[in-house]
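First the structure, in the form of structure tokens, and then the observations on it.
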Amino acid sequence: MLAVIAGALLFGAAGWLGTIAGTALVADVAPLSEGPSSGNPPVPWLIAGSIVLGALLAQHAVAAQLGLAALVVFALVAAWCSDVLRGVVPDICTLGPLAAILFIALIEHRPSPWISAFIVFAPFALSALLSKGRGMGWGDVKLAALGGAALGAQAALLAFAVASTAAVVVHRVAGTRGAPIAFAPYLAAAIGAGLMVGALL
């Protein structure tokens, strides 16, 4: 029980700090003229989701795994907020935790996170290249690679397929067809959901 409470507190703090960091990272960035419309991140929901994830993961993860997962959650929340506010996903939100996961995998002689990150990175990178960053930004590509490393290629690709479908449906229902989509929140939610499912299985 104490581990669950500690995990919930740790992840709640990570989520809360992520909202602060995501806002601060883009404070001096002008909204993109052709980027997603600015809005306000759902801060209470992001923190609540972080708390639930922390409570679930704390039942199965060791301290080192829990710390790394908290770093990933911090980065996901920061990426969500920065993309919603300014249409930008700063590299520190993606490359920092990705480097941590890959470094630990290297030390532990586990090639699967490296392979999974590349497998997921490749189609997203191709999309960014073909659309010249208009349909898929490079911040989204790096976030997808982080998802591949954190979840594994199969789970990440499935989660991102669902996230892409949800983004299109929400966009059409909202009547903003043809307008740019802030895609990082969908990717971040997919990664968070994937971590939750992994904790429950």
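Just so it is clear, none of the values below were taken in a lab; they were calculated from the coordinates. Treat the numbers as computed from the prediction; the structure is a model and nothing was measured. As a convention, Cβ positions derive from the backbone with ideal geometry for all residues, glycine included, and neighbour counts pool all protein chains shown.
Please tell me the relative contact order of the chain in percent, rounded to the nearest whole number, where contacts are Cα pairs under 8 Å and at least six residues apart.
24 percent
So how much slack lies between PHE118 and LEU68, counting 0.36 nm per residue of separation and subtracting their Cα-Cα distance, in nm?
Gain in length upon complete extension: 16.0 nm.
Note the per residue figure in Å³ for the convex hull of the C-alpha positions in the stretch 1-84.
It comes to 76 Å³ per residue, whole-number rounded.
Calculate, in whole percent, how much of the Cα-Cα pair population of the stretch 101-201 lies beyond 18 Å.
49 percent
Taking N as the number of residues in the stretch 84-131, what value does Rg over Cα atoms divided by 2.2 N^0.38 Å take?
Cα Rg divided by the expected 2.2 N^0.38 Å: 1.38.
Starting at 0 and stepping by 10 Å, how many percent of the alpha carbon pairs of the stretch 1-150 end up in each bin?
12, 35, 36, 14, 2
Whole Å is fine, so just give me how far the alpha carbon centre of the stretch 83-117 lies from that of the stretch 145-167.
14 Å
If we count other beta carbons within 10 Å of each Cβ, what is the order of ASP83, ASP140, fewest first?
ASP140, ASP83
Given the peptides 87-93, 118-124, arrange them by the average over their residues of other C-beta atoms within 10 Å, most packed first.
Output ranking for 87-93, 118-124: 87-93, 118-124.
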